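The block underneath contains the structure these notes are about, expressed in structure tokens.
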Amino acid sequence: MPKRRKKQQTETGSKREDEVAGSAGSNRRSFIAILTGGLATLAPIGAGIWSFLSPLFRKAETPQVRVALLNQVPDDGRPYFFPVVADRKDAWTQYEGQKVGAVYLLRQPGEQTPIAFTAKCPHAGCSIGYSAAEEKFKCPCHTSSFNTDGSRVNGDDEVAPRDMDTLEVELSEQASADGKTVTEVLVTFVDFQTGHKEKKPSA
Amino acid sequence: MKQLVNSTFDWLDSRTGIKELLHEALYERVPGGARWRYVWGSTLVVAFVTQAITGIFLWMAYSPSTQTAWESVFYIQEEMSGGWFLRGLHHYMASMMVILLAIHFVQVVWDGAYRAPRELNFVLGLVLMLIVLGLSLTGYLLPWDQKGYWATSVGTELASQTPVVGAEVKKLAVGGSSYGHHTLTRFFALHAGVLPGALVAFLALHLALFRKHGLTPKEPIKRPDEMFWPDQMMKDCIAACAILLAVSVTTWYTHGAELTAPADPANNYAAARPEWYFLFLFQFLKWFPGELEVWGAFVIPGLIVGVMFLMPWIGRWKVGHFFNVAFLVVLLGGAGFLTLQAIQDDNLAGSADATFEDSGLADTPENRAAFTASVEFLKAKEEGHYNAERAIGLAKSKGIPPTGALTLVYDDPYLQGPKLFAQNCSSCHNYLDRENPDPALASLVNENPTAPNLFGIGSRQWIEGLLDPEQVSGPDYFGYAGSPFAADGDYSEMVSFVQEDCFGGELTSNQREAVRATLKKVAVALSAEAKLPTQAATDAQDSQLIAEGRALIEGGLADLLESGSSCTDCHTFGEQQDIGSPVLDGYMSRRWMIDFIRNPADERFYGEMNDRMPAFAPHGDEKLNQLDDKSLGLIVDWLRGDWVRPEEE
């Protein structure tokens, strides 16, 4: 094609000028065409991807939440279920006092501070239930089961890759209106990545 | 007329070349003649077109956000004329498309139609298949109901196990660190924009290459060639009609696709399962414990898809072709087996109230675990239906508030009452309708109660039971274990009032009946104090009876009973103020019950007689209370039967 074109040009115009302008200019024009065309396509894609990636630049919140009063957790070594209620923001909607998850609190006889397990299964994130009859935690999805201390019933043969995730617990004394004090159980509610041997926050 | 049409067509053709295009598209030779076995590719196109059309119409009524997704689908399903049918078509055609894909795929591999020069077209077909599966995966979430939400959340949790970039992949898919508006907007953009766009592009290439190479006829060709139009086209169109008929009948028969309760991030739906054609993957994952899951979720499926892509090259040798066919048979057989196994595992128990002992299974820990898992699944499924029906009923009768349908669910005593009761009350109290036990509330039955049975509390029947000489000392009232109000307890006045003061001594049967009739009036009047919504009509009717009963409570009873006792010897009521507690004014009314649960040891209630019931909300700051004000209201409303009854409106 370029050859034929050159020939035509040779026939019609000044030979020397056209040869130079034709070949050099053609390369340059191709280059500019590809560059500008590429830019024109990439600009909107880039803008899109930039905003599409926005979740990667936001950090998840790990609120400290009051989940129960201490007297709701008897020191009988049995787990008690409590929803985790916290303020939560979903994109543009501000929710106040939403259930963001659930925990099991368990106090061994004589212990003051309860242990807190998040109810989210470390396997695939289903919500773990507790069977009082069997005294075991049971995940309804892929049948993982855990002992009351959070350890897997079948160890490494269990579907779940690690024991139940514990959460940080803090006790806080509060004076109430009638002059008594009540002890609140505060839990730092962290969402953990599922499916790994190690316990890593989702971030 | 005909001339006009012809000349218009000629004009159009001279400007567009449409005649040649049509000719190109329709007048293709079909070697060996038109056949029914060539229709499968076309039916897939028809299925896709159906999805595009129904999808666009659904789009016109759908709104992707956490407060509007379920709500708009509810509206499509329940309120829009023909909405259920439209949604049903879209739903069942998606399943049909997967079946058609499988048939098409099997046929191509079986016939070796992937061989040169059609390798690339086979690859394009596989890409199309992956896109269709992607459409199905993204579509499942869009109604934002319990089933879609929890099934998809398991899927995205799996995505987070992608090696190295898992956490980032999940964040991008979910549009944040947890499910929300942007999960829906992203899934919807994929489902209605990106994936269909890609599908159209790849389908165009697929069809272009198909036309370039033609179909793969069955050798040897015995019959003469026919033309695509109208011979093959007629068969294609009849097949298309049959497909649509099948899907329409299914839709009609099932009354459209299921819509479960609104997605509730705080309450896991244990019966969440993926769509049936992904069940084999779900089941497959159970084989891979712990860290091995990445093998089940990515490595092995990845290898299988990899082999599928290589089939045209493997199939160059005769042995390779046999390998491909065998691979396919094993793959489909395995998937079928896993699917059946998944269904069987879930339904092992047969019903939610089955017991392991009656199941006839060998008593091994594995069997027990499998059985329990199945019971849990079936229970969750039953509860799911119950919740869905209720949520839809509420949305229909009350309308949905701007905060979304989940608010309806959370504010509904009928749904929340039993849960709150189980958490806070049922370790002491029983809740059992002795005449007509509700299997759905079986979990609230306490076999060894240490407090009264609260079923029907405040109703005439309940108070009549309290005033019955047998029942008052039975387990439903004051005869529970260790009761201070029992005949041998520290505070036996009420029991002895009923048993001795009312029915004691030598009464003839006529006298007993007279006492009963009198106490019945007392019960009616006292029950009227509760202002139960379920009793509003009868209370209004019986105003005369109530007035008589009130007079009896206020002291009139003393004149009728030989013992000369009456309610107001101990209790404050009406004109007899400051007598004692529990106060009978407003007895079992909403206010009375809420205050009672807040602090039963208050002087208006049991004072120092209260030996066991905790004060659930004694503090002014509700954060310091075991029960917040809203939960308190929900429990009381539920106990009083004060909830919306859609069927009556």
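Considering Cα pairs under 8 angstrom that are at least six residues apart, work out the relative contact order of the range B:408-491 and quote it in whole percent.
22
Order of B:332-339, B:578-585, B:218-225 by packing, highest average Cβ count within 10 Å first? Mind showing how you got there, number by number?
Working: B:332-339: 14.4, B:578-585: 16.0, B:218-225: 10.1.
So the order, starting with the most tightly packed, is B:578-585, B:332-339, B:218-225.
Could you work out, residue by residue across B:152-164, how many beta carbons of other chains sit within 10 Å of that residue's beta carbon, and then give the average as an integer?
So the per-residue partner count for this stretch is 3.
Within 10 Å of each Cβ in peptide B:265-277, how many partner chain Cβ atoms are there on average? Round it to a whole number, please.
Mean number of neighbouring Cβ atoms from other chains: 4.
Obtain the nm distance between the two label points defined at B:Leu12 and B:Val200 by a simple spin-label model: each point lies 7 Å from its Cα along the Cα-to-C-beta direction.
2.1
For chain A, set up a GNM with springs between Cα atoms under 10 Å and report which of A:Ser145, A:Ser176, A:Ser131 has the largest fluctuation.
For chain A, modelled as a Gaussian network with Cα springs under 10 Å, the answer is A:Ser176.
Just to confirm the number: angle between the C-alpha axis of helix B:146-159 and the first principal axis of chain B, 0 to 90 degrees, nearest 10?
60
Could you tell me the calculated FRET efficiency between A:Thr166 and B:Asp488, based on Cβ-Cβ distance and R0 = 60 angstrom, to the nearest 0.05?
According to the calculation, E is roughly 0.80.
Given the -39500 (n - 2.57) contribution per DSSP H run of 4+ residues, what per-residue ellipticity at 222 nm results for the protein assembly as shown, rounded to the nearest 500 deg cm²/dmol?
-15500 deg cm²/dmol
Could you rank the peptides B:567-574, B:80-87 by their average count of other C-beta atoms within 10 Å per residue, with the highest value first?
B:567-574, B:80-87
Where does helix B:413-424 land angle-wise versus the long Cα axis of chain B, in degrees 0 to 90, nearest 10?
For B:413-424 against chain B, the angle is about 70 degrees.
Based on the mean of other beta carbon atoms within 10 Å per residue, what is the order of A:54-60, B:543-549, A:43-49, most packed first?
Highest to lowest by the protection proxy: B:543-549, A:54-60, A:43-49.
How much FRET efficiency would the formula 1/(1 + (r/R0)^6) give for B:Glu575 and A:Ala132, where r is the Cβ-Cβ distance and R0 is 45 Å, rounded to 0.05?
0.35
Relative contact order for the range B:30-186 using alpha-carbon pairs under 8 Å, separation at least 6, rounded to a whole percent?
Relative contact order, the range B:30-186: 23 percent.
Once you charge only the Cβ atoms, +1 for Lys and Arg and -1 for Asp and Glu, what is the size of the charge dipole of the protein assembly as shown about its Cα centre, to the nearest 20 debye?
7680
What is the mean number of Cβ atoms from other protein chains located within 10 Å of the Cβ atom of each residue in peptide B:594-601, rounded to a whole number?
On the way: counts 0, 0, 0, 0, 0, 1, 0, 0.
Partner-chain Cβ atoms within 10 Å, mean over residues of B:594-601: 0.
Between B:Ser563 and B:Ser95, with labels modelled 7 Å along Cα→Cβ, what's the label distance in nm to one decimal, could you check?
Label-label distance for B:Ser563 and B:Ser95, simple model: 6.6 nm.
Of A:Val84, A:Val169, A:Val100, which has the largest mean-square fluctuation in a 10 Å C-alpha GNM of chain A?
Checking each option, the largest mean-square fluctuation is seen for A:Val100.
Along the charge dipole of the protein assembly as shown, pointing to its positive end and built from +1/-1 on Cβ of Lys, Arg, Asp and Glu, which listed residue (A:Val185, B:Gly139, B:Cys425) has its Cα farthest out?
The residue sitting most towards the positive pole is B:Gly139.
What percent do you get for the relative contact order of the range B:318-429 when only Cα pairs under 8 Å and 6+ apart count?
Taking the mean separation of contacting Cα pairs over the length of the range B:318-429, I get 18 percent.
Identify, among A:Gly155, A:His142, A:Tyr104, the residue whose Cα sits farthest towards the positive end of the charge dipole of chain A, taking +1 on the Cβ of Lys and Arg and -1 on the Cβ of Asp and Glu, with the dipole about the Cα centre.
After comparing all options, I get A:His142.
How about the range B:110-187: which trypsin sites (Lys or Arg not before Pro) there lie in a loop by DSSP and see at most 12 other Cβ atoms within 10 Å?
Nothing satisfies the criteria.
Run down the lysines and flag those whose C-alpha is under 23 Å from the C-alpha of A:Lys59, throwing out any fewer than 8 positions away in its chain.
The qualifying lysines are A:Lys89, A:Lys99, A:Lys120, A:Lys197, A:Lys199, A:Lys200, B:Lys170, B:Lys171.
In the range B:84-124, which residues have a backbone nitrogen under 15 Å from the label point lying 7 Å from B:Arg316's Cα in the Cα-to-Cβ direction?
Under cut-off, by backbone N: B:114-120.
Against the longest alpha carbon principal axis of chain A, how many degrees, from 0 to 90 and to the nearest 10, is the axis of helix A:15-52 turned?
Once rounded, the angle reads 10 degrees.
Any read-out appearing in this document is the output of simple, stated calculations on the displayed coordinates, not a laboratory observation. This one's a predicted model, so the numbers in the text were calculated from it and none came from an experiment. Using ideal geometry, Cβ is built from the backbone for each residue, glycine included, and neighbour counts are taken over all protein chains shown.
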